[in-house]
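The values are calculated or read from the model by the stated rules, or taken from the named source; none is laboratory data. None of the values given here were measured: they were computed from a predicted structure. Here Cβ is always computed from backbone atoms with ideal geometry, including for glycine, and neighbour counts include all displayed protein chains.
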Amino acid sequence: MLKIPKKKKEIYFDHAATTYIDKKVLKIMEPYLKEEYGNPSSLYNKGRVTKRAITDSKKTIASLLHALPENIIFTSGGTESDNLAIFGITKAHQNSGKHIITTTIEHHAVSEPIEQLKKQGFEITYLKVNKEGIVNVKELVKAIRPDTVLISIMHANNEIGSIQPIEEIGREILKFRKKNQTNFPYFHTDACQSAGYLDLDVEKMHVDLLTLNGGKIYGPKGIGILYLRRGVKIEPIMFGGDQEKKLRPGTENVPAIVGLAHAFELVQKNSEKEKIRLERLSKYLWKEVEKNIPKVQLNGPEIGSKDRLPNNVNIVFLDIEGEALILYLDEYGIMCSTGSACTSSSLKPSHVLLAIGLPYEYAHGSLRFSLGHCNSKSDIDYIIKHLPKIVEQLREMSPVNLGVKKHAKYKK
């Protein structure tokens, strides 16, 4: 039997689910939580102070995206931004077409709104991905039709870290528009996972709409943005005020807005250095797991590949349930996940892992380690000290024995 330590460490390896607030971010937020509490819509000085804070935050974010402040819409987070992008575009342009293109590995904040539109008569093309979780651009181009109104493809996957060729896709969409003399289809990307690791120049990406989330970049939770290219019309999905050009009514969350802007500034400023550090740690983690635990395999692109986020390590542990492994690791203070935090209550295997060709049994035994600012080599050493013993015990209790042969469809 495993001996649970009386005094355990706290090792956090779930940064793709959420992050803690950077101390510098919290400090810049504090005045707007205390003395600068005015409603930005008010005419007196306290209102003007907070209104100016919103304006300055938009300037900061816009400069990092190579956009204009007027292109930035504040929301309650990534999920609302995705919903506003998808429902907003389709409501505004439903008379121009009812065809949408997306992928089989999107976050549920994208896939579920699209499923709702399917019930309303929209036709959906779901692009398949290869074993590394990347779409084929040629297949995407073939799928575009005269009635395609929206293409929504995530920048980087939250479960396996695969990075999509967004710039190439954007160029192909521009070619289609030029050839057919049309403004359609509009192009949306969810970039919640890629902020802090990838260049988010919207001009190079050729996107019309882009989603970001403060809770993924060491900023506050409950705040996000939707970048909306100038000239792109969307309809609101909420009503009740003039804020954010009437696209997102309600009194603005000024402390969170200020925090998001500063957090985004910090992660983009330090991205190159942090990418190198986290990639080194990710490689070390996978190397140690592979060396010390039999019957494991890496999901997604190779660690260190240009096609993978530097902080993502998603591993299959054969013959055990991922949920059971998480609970045992938690007893040692080690926190990770089986996939998307938004569906952690579901016992269904990850749709992303099934989409890359993993059998049902493999997908059930996968864990995602997503590294961040607080992690170090000693954290990985602590994991490797306990993980092999936990896996061994769970396998002894398991009635499943899949063997070490890799699934043919997924074989590297």
(request) Note down all Cβ pairs under 9 Å where the first residue falls in the range 304-319 and is among the small types (G, A, S), the second is part of a strand (DSSP E or B), and they're at least six residues apart or on different chains. (result) S305/I163
(request) Would you mind stating whether H99 is more than 19 Å from G170 (Cβ to Cβ) and modelled with pLDDT of 95 or more? (result) no
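Here's the yes/no breakdown for (1) surrounded by fewer than 21 Cβ atoms within 10 Å (Cβ to Cβ); (2) under 21 Å from I169 (Cα atoms); (3) in contact with a helix residue (DSSP H, G or I) (Cβ under 7 Å, 6 or more places away or on another chain):
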{"position": "A53", "(1), (2), (3)": "no, no, yes"}
{"position": "L64", "(1), (2), (3)": "yes, no, yes"}
{"position": "A85", "(1), (2), (3)": "no, yes, no"}
{"position": "A92", "(1), (2), (3)": "yes, no, no"}
{"position": "N95", "(1), (2), (3)": "yes, no, no"}
{"position": "Y126", "(1), (2), (3)": "yes, yes, no"}
(request) Take I293 and decide whether it is in contact (Cβ under 8 Å) with a residue 60 or more places away in the chain and under 19 Å from L68 (Cα atoms). (result) no
(request) Give the residue, chosen from I134, I223, I217, I166, that is crowded, with 19+ Cβ neighbours inside 10 Å, more than 21 Å from V267 (Cα to Cα) and not small (G, A, S). (result) I134
(request) May I ask you to verify whether D190 is more than 16 Å from the chain's Cα centre (by Cα) and in contact (Cβ under 8 Å) with a residue 12 or more places away in the chain? (result) no
(message) Just to confirm my filter: which helices (runs of 4 or more DSSP H) fall fully inside the range 60-161 and include at least 1 residues that are free of Cβ contacts under 8 Å to residues at least 12 places away in the same chain?
(response) 108-119, 137-143
(request) Please enumerate the residues belonging to the range 211-253 that are of a type in the set (A, V, I, L, M), out of contact with any Asp or Glu (no Cβ under 7 Å at 6 or more places or on another chain) and in contact (Cβ under 8 Å) with a residue 24 or more places away in the chain. (result) L212, I217, I223, I225, L226, L228, I234, I237, L247
(message) Just to check your reading of the model, which residue among L209, L174 is crowded, with 24+ Cβ neighbours inside 10 Å, farther than 25 Å from D14 by Cβ and not polar (S, T, N, Q)?
(response) L209
(request) Would you check if K59 is surrounded by fewer than 19 Cβ atoms within 10 Å (Cβ to Cβ) and either of a type in the set (A, V, I, L, M, F, W, C) or touching a helix residue (DSSP H, G or I) at 6+ places or on another chain (Cβ under 9 Å) (or both)? (result) yes
(request) Provide a single number: the residues in the range 65-106 that are under 22 Å from the mean Cα position of the chain (by Cα), polar (S, T, N, Q) and closer than 30 Å to T251 by Cβ. (result) 6
(request) Give I303, I320, I380, I326 a once-over and let me know the one that is assigned to a helix (DSSP H, G or I) and surrounded by 20 or more Cβ atoms within 10 Å (Cβ to Cβ). (result) I380
(request) Return yes when L329 is closer than 25 Å to R280 by Cβ, at pLDDT 95 or above and within 19 Å of the chain's Cα centre (by Cα) and no when it is not. (result) no
(request) List every residue pair whose Cβ atoms lie under 8 Å apart, where the two residues are 6 or more positions apart in sequence or sit on different chains, the first residue falls within the range 255-271 and is closer than 19 Å to Y37 by Cα, and the second residue, located anywhere, is polar (S, T, N, Q). (result) I257/S57; V258/S57; L260/S57; A261/S57; A261/T60; H262/T60
